[in-house]
1. Can you pull out the residues in the stretch 6-47 that are in contact (Cβ under 8 Å) with a residue 40 or more places away in the chain and either among the charged types (D, E, K, R) or part of a loop (DSSP other than H, G, I, E, B) (or both)?
2. Within the stretch 49-58, does at least one residue satisfy the condition of being acidic (D, E) and in the same structural domain as R142 (by TED's automatic domain parsing)?
3. Say whether the condition of being at pLDDT 95 or above, small (G, A, S), in the same structural domain as L145 (by TED's automatic domain parsing) and in contact with a Ser or Thr (Cβ under 8 Å, 6 or more places away or on another chain) is met by at least one residue in the stretch 104-118.
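The values are calculated or read from the model by the stated rules, or taken from the named source; none is laboratory data. Everything numeric here is computed off the predicted structure, so don't read it as measured data. Every residue, glycine as well, gets a Cβ built from its backbone with ideal geometry; the counts of neighbours run over all protein chains shown.
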Amino acid sequence: MKSREIVDVQLESIFGNKFPQKIQRLVDEELNQGRWVDGYHLAVCEGVIDGDDARNLLQIVLADHPELRMDEAELKRVVEERLPQSLGAAVSWIVDDSGAFALTDSLRVARFERESVIWRSPRISYDGIDFDSLSGGKLRGRAWLLGSHESPDTPFTFDFETGELLEGHVVEHV
């Protein structure tokens, strides 16, 4: 398993709604590649595993990768403090190969390493951000700006290391 996959499945368990499917698929891939860890049998069943088995699988995965384990309560606290819109909006994320990740609360973007915020952008959207890619040190996506009614459509690019907005717009106070 890659750092990116392990961090992504943890974020899914905290903020997403497809956690059992995601951890089951991740462990299934490991099994298909011939890797076996005690407890992986939980992933092999008809249908999707239940929440308890999914949480148990995550703990088994994290036992082999303790350096990637996130403190869920602390991450939620930091997100609530630094991305306050997250209380009413869905949080979405994108994960780098190193395990660092960016979260959005639909208005701004923040880069995290585990529970620590590395940088936080100013507001770049009126009410919607979609991440497109994270590669070559660049985070790319689209933001919803006034006048676009369908979906986020104004491109943005951040330097993932520094948080500098390389392309896109800052939304002035509304």
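1. Matches in the stretch 6-47: D8 only.
2. Looking through the stretch 49-58, none of the residues is acidic (D, E) and in the same structural domain as R142 (by TED's automatic domain parsing).
3. There is at least one residue in the stretch 104-118 that is at pLDDT 95 or above, small (G, A, S), in the same structural domain as L145 (by TED's automatic domain parsing) and in contact with a Ser or Thr (Cβ under 8 Å, 6 or more places away or on another chain).
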